[in-house]
Ligand SMILES: [Zn+2]
């Protein structure tokens, strides 16, 4: 499953490729699972909109769309769409106290386990398990492919994810997130309401680097422990981003090329192998249904 660094890498790759391009039309497949918003709403939100930018929010890829539609000679069907769009009351959202506040629109992609976003030329054969094809004014297509269908496509206005962004949260706030929590620190790190986008790999790796056992209750950690964890988490995420995300899963970058180097995991997935620091065998335990890897000697 792509974690925060992979999603960051994909969002950056997409940003450099599609920012400024205009969405001309949207085709959505018939499988219901990938569509978190109704198909008609996705199409109506995306069509004729310019992509203002692409960013990562937690593990979501957010394509920000310009508010004003791009004018072009509309076909009768599109005219119909457009008049339908304006009758849904979007224009009234800015009415009242803040008339200058225009509603914003976003296309949100969650890759799930096996989701991929490909930017390609239209003549490239459409892969099996393609659930969306977005035609761009540049002539290229943005395609969403997802064999296992845990990925999700949706549209929103003023998209807001829960939890704090692990690379932006201030140290004091980070410490306060875990204060008084009786759950294991590993579970707290994975709790998306506290921090968004931290998954199993980077939780295990940051706990190893900060010398904290995954089963320790969050409330039992001192301020110093949590500050060490804060630094370790940021360090491990930044390292992985600079390497382009670890490629543990079946996924490729925005061009469809396998282009990722793998961050050297120190404990994750290394059960029974020697700890890189002390050579003790790495242990694996299951906490809240998730595998956790740690060194019984280095982590207390
Ligand atoms: Zn060790």
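See the values below:
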{"quantity": "Test: residue in segment 167-177 that is farther than 13 Å from residue 227 by Cα, in contact (Cβ under 8 Å) with a residue 24 or more places away in the chain and assigned to a loop (DSSP other than H, G, I, E, B)", "calculated": "yes"}
{"quantity": "Enumeration of residues in segment 274-290 that are away from the ligand (no atom under 11 Å from the Cβ) and farther than 17 Å from residue 212 by Cβ", "calculated": "286, 289"}
{"quantity": "Count - residues of segment 184-202 that are free of Cβ contacts under 8 Å to residues at least 60 places away in the same chain and touching a strand residue (DSSP E or B) at 6+ places or on another chain (Cβ under 8 Å)", "calculated": "4"}
{"quantity": "Filter result (over 19 Å from residue 141 (Cβ atoms) and at pLDDT 90 or above) within segment 109-126", "calculated": "110, 112"}
{"quantity": "Criterion: at pLDDT below 95 and surrounded by 16 or more Cβ atoms within 10 Å (Cβ to Cβ) - qualifying residue of 228, 152, 196, 209", "calculated": "196"}
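Listed here are the residues, each with its yes/no results for (1) within 22 Å of the chain's Cα centre (by Cα); (2) away from the ligand (no atom under 16 Å from the Cβ); (3) at pLDDT 95 or above; (4) surrounded by fewer than 19 Cβ atoms within 10 Å (Cβ to Cβ).
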position	(1), (2), (3), (4)
188	yes, yes, yes, no
213	no, no, yes, no
218	no, yes, yes, no
252	yes, yes, no, yes
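The values are calculated or read from the model by the stated rules, or taken from the named source; none is laboratory data. Everything numeric in this text was worked out from a predicted model, so none of it was measured. Counting neighbours? That spans all protein chains shown, and the Cβs are built from the backbone with ideal geometry, glycine included.
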